[in-house]
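The structure appears below as structure tokens.
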Amino acid sequence: MNVTFLGTGCALVLKRYNTCFLLEDGENRLLVDAGGGNEILVRLDRLNVPVTSLGGMFVTHSHSDHILGTPWVIRAVATAMAEEGYTGTFTVAGCRQTLQDVRAICHMILGTKLTKYFDSQILFREVADGEELTLAGFRLTAFDIGSKKMRQFGFRLALPDGEMLCFAGDEPVKPSTEQYARQAKWLFSEAYCLYEDRELYKPYPRSHVTCLDAARLAQEMQVSNMVIYHTEDYGPDRRDRMTREARTAFDGNIFVPEDMETIEL
């Protein structure tokens, strides 16, 4: 199983794309979020991944940097259905509010030629806190991350070796979600900035944390590998600086991917 980070940045980055990623296991492909625009289609094309090869998409929440790429993916899938005779299905999963928002945006901008495929070939799958489901061939347990800003979801995913991956979503692991992160083989964790830059970027009022905070959480959760994403732009030394800071608090393996980088899980 592989993960390719199509984007690694937070909302207002200019030198990278917003955080979203593609999970692949054989022919199974699941897109997690879609960033803030049609750049998502460019990124998939660079990977030679046609949208019709995707089994579905998990949308974590309705913030612009996570949801606004979603209509472009749906548009591309629906266009293949309308113009190329594509007969497959595509499932969009998320909480009720997120799915309502996705549908509302699509109805505003896509037109009935494309939205007529809703609920027949383009399916909307509501998830509940703690619910187990199979999405695009992946076994997930969806969970509410406990955000105070809006309802947001992450998931725990079963790996081929029987171990677990925890995708904590757009905010750090909280006491209510520790059960999904503790002793996971992989923890995907946001880290808005370096600890030394906390006064500059002010992560805490935004419900985000620093790289050092994320590393301390990973150490407390006793995970084996942590992946740091949803960061500020920084420069070419971003990976080195964040890895060094995380190393001061976390004993496991640390990955700070760049856009379009693939990691074997």
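The values are calculated or read from the model by the stated rules, or taken from the named source; none is laboratory data. Computed from a predicted structure; not experimentally measured. Every residue, glycine as well, gets a Cβ built from its backbone with ideal geometry; the counts of neighbours run over all protein chains shown. The accessibility values were calculated without ligands, DNA or RNA, using every heavy atom of the protein model including side chains. Shrake-Rupley method; radii C 1.70, N 1.55, O 1.52, S 1.80 Å.
What's the angle, to the nearest 10 degrees (0 to 90), between helix 211-221's Cα axis and the longest principal axis of the chain? The angle comes out near 90 degrees. Computed 3J(HN,Hα) for segment 154-164, one whole-Hz value per residue from the Karplus formula 6.51 cos²θ - 1.76 cosθ + 1.60 where θ = phi - 60°, is x, 7, 9, 10, 7, 8, x, 8, x, 7, 10, glycine and proline marked x. What base-10 log of the normalised intensity I(q)/I(0) is obtained for the chain from the Debye formula, alpha carbons as equal point scatterers, at q = 0.08, 0.12 Å⁻¹? Scattering profile of the chain, log10 relative to I(0): -0.29, -0.67. For Leu135, the amide hydrogen comes within under 5 Å of the amide hydrogens of Leu140, counting only partners 5 or more places away or on other chains and with H modelled in the peptide plane. Taking 23 Å as the straight-line reach from the Cα of Lys149, the lysines in range (excluding those fewer than 8 positions away in the same chain) are Lys174, Lys202. In order along segment 98-105, the phi-based Karplus estimate (6.51 cos²θ - 1.76 cosθ + 1.60, θ = phi - 60°) of 3J(HN,Hα) comes to 4, 5, 4, 5, 4, 5, 4, 4 Hz; Gly and Pro are listed as x. Using only alpha carbons, segment 112-265 has a radius of gyration to Kirkwood radius ratio (Rg to Rh) of 1.01. Considering only Cα atoms, the convex hull volume of segment 1-155 works out to 108 Å³ per residue.
When each of the peptides 86-95, 199-208 is scored by the mean number of other C-beta atoms lying within 10 Å of its residues, the order from highest to lowest reads 86-95, 199-208.
Leaving out ligands, DNA and RNA, what percent of the accessible area of segment 144-265 is carbon and sulfur, probe 1.4 Å? Show your work: numbers first, answer last.
Numbers: 2440 of 5350 Å².
On segment 144-265, the fraction of accessible area on carbon and sulfur atoms equals 46 percent.
Between Thr112 and Lys185, the FRET efficiency from the beta-carbon distance, with R0 = 35 Å, is close to 0.20. In summary, no lysines lie within cross-link reach of Lys113, defined as a Cα separation below 19 angstrom excluding same-chain residues under 8 places away. Entry note, segment 89-216: relative contact order of 16 percent, from Cα contacts under 8 Å with a spacing of 6+ residues.
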